[in-house]
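Here is the structure we will look at, set down as structure tokens.
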Amino acid sequence: MNGIKKVVCGISGGVDSSVAAMMLAKKGYEVVGVFMRNWDVTNEVGVCMADREAEDAERTCKHLDIRFQEVNFVKEYWNDVFSEFLSDYQNGFTPNPDILCNRHIKFHLFWDYALEKIGADAVATGHYARSSFGPFLENFQPQKNVKLLQAADSLKDQTFFLSQVHQKALQSTMFPLGKFTKDRVKRMAQESGMEFVASKKESMGICFIGSRDFKSFIKQYLDPTPGPFIDLGTGRVVGHHQGIHNYTIGQRCRIGGQLHRYYIAHKDQKTQEIKVVDDTDHPVLYTTSLTTGPMHWINALPPLLLSTGKLRCLFR
């Protein structure tokens, strides 16, 4: 993608996006650091973490001497990500809001904002991923589709969370960190005088929950729907719960007064019954088939699937 001059880099206030922005600046691009405000509700101690992250993001941009600005997608995040997240949980599914956020917000609304409002030639993020067009789109070919590739650091690889991003957005997205390990990225931040982000505790799990217990968080938005735990083998009621949305298939559930360790085998959204088994190797916890919705192919239908009707893939 020749002629790239202006690049918008999503700045989160963390070490990954900070180092990505630093690498872009060193390469001579006109870099604009943009902080996305997607969640503005206070956490369990009454603090809005988005305010703190925005401060760190702005500090990073000042340190790198690049332009900083903020864009607010709180309404869109609530409607397109959080509402769908709650709906799925209420219906017994276990959604991944990071996938929804990347699809609806970061690689759709944010991507549009960067190119149309700021006039960027490309977008960059701190994701641990690679693309067939190279970390800085040096291998861009306008008539060719881009492929999403796993990062060099298999422990930090984030391609699973990018699995529903559309081809058009990926074609103009840079992933500067794709060939680096997390440890190397932290060292790069320290060597560049950004100890304030290198030393931050890494955020884990769902961003809007923070360090709260999931059940404590979710009950603020979903009413309890009590139901029984039923031993699949005996049909006996072995306990009670406050809603199937609190549990995932295969998860160990702690049921008071029981000597056995029980694991979730089946959830019934209509009756709120949860069937449990007392063995991690129980046959009901394994399956040889699955049902899925419409597939999202980033590049194209796999040739093997087209020719044989079979698909070989990784799953999480």
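The values are calculated or read from the model by the stated rules, or taken from the named source; none is laboratory data. Keep in mind that what you see is a predicted model, and the values were worked out from it rather than measured. Note: ideal-geometry Cβ built from the backbone for every residue, glycine included; neighbour counts use all protein chains shown. Accessible surface areas use protein heavy atoms only, side chains included; no ligands, DNA or RNA. Shrake-Rupley method; radii C 1.70, N 1.55, O 1.52, S 1.80 Å.
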Selection count, region 115-152, where residues are in contact with a Ser or Thr (Cβ under 9 Å, 6 or more places away or on another chain), farther than 19 Å from PHE180 by Cα and small (Gly, Ala, Ser): 2
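Here's the yes/no breakdown for (1) in contact with a strand residue (DSSP E or B) (Cβ under 7 Å, 6 or more places away or on another chain); (2) surrounded by 14 or more Cβ atoms within 10 Å (Cβ to Cβ); (3) over 22 Å from GLN90 (Cβ atoms):
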site	(1), (2), (3)
ASP231	yes, yes, yes
VAL237	yes, no, yes
HIS245	no, yes, no
GLY257	no, no, yes
PRO283	no, no, yes
THR291	no, no, no
GLY309	no, no, yes
CYS313	no, no, yes
Test: GLN190 is in contact with a helix residue (DSSP H, G or I) (Cβ under 6 Å, 6 or more places away or on another chain) and over 28 Å from PHE85 (Cα atoms): yes
Looking only at region 64-107, and only at residues there that are among the aromatic types (Phe, Trp, Tyr) and in a helix (DSSP H, G or I), the one that is most open to solvent (accessible area, probe 1.4 Å): TRP78
Any pair with Cβ under 8 angstrom, 6 or more apart, that starts in region 150-161 at a residue that is farther than 17 Å from CYS313 by Cβ and ends at one that is hydroxyl-bearing (Ser, Thr, Tyr) and not in a loop (DSSP other than H, G, I, E, B): ALA151/THR159
Residue that is farthest from TYR128 (Cα to Cα) [pool: residues in region 162-191 that are open to solvent by 50 Å² or more (accessible area, probe 1.4 Å) and touching a residue at least 12 places away in the same chain (Cβ under 8 Å)]: HIS166
Entirely in region 223-316, the strands (runs of 3 or more DSSP E) that have 3 or more residues that are without any contact (Cβ under 8 Å) to a residue 40 or more places away in the chain: 237-241, 262-267
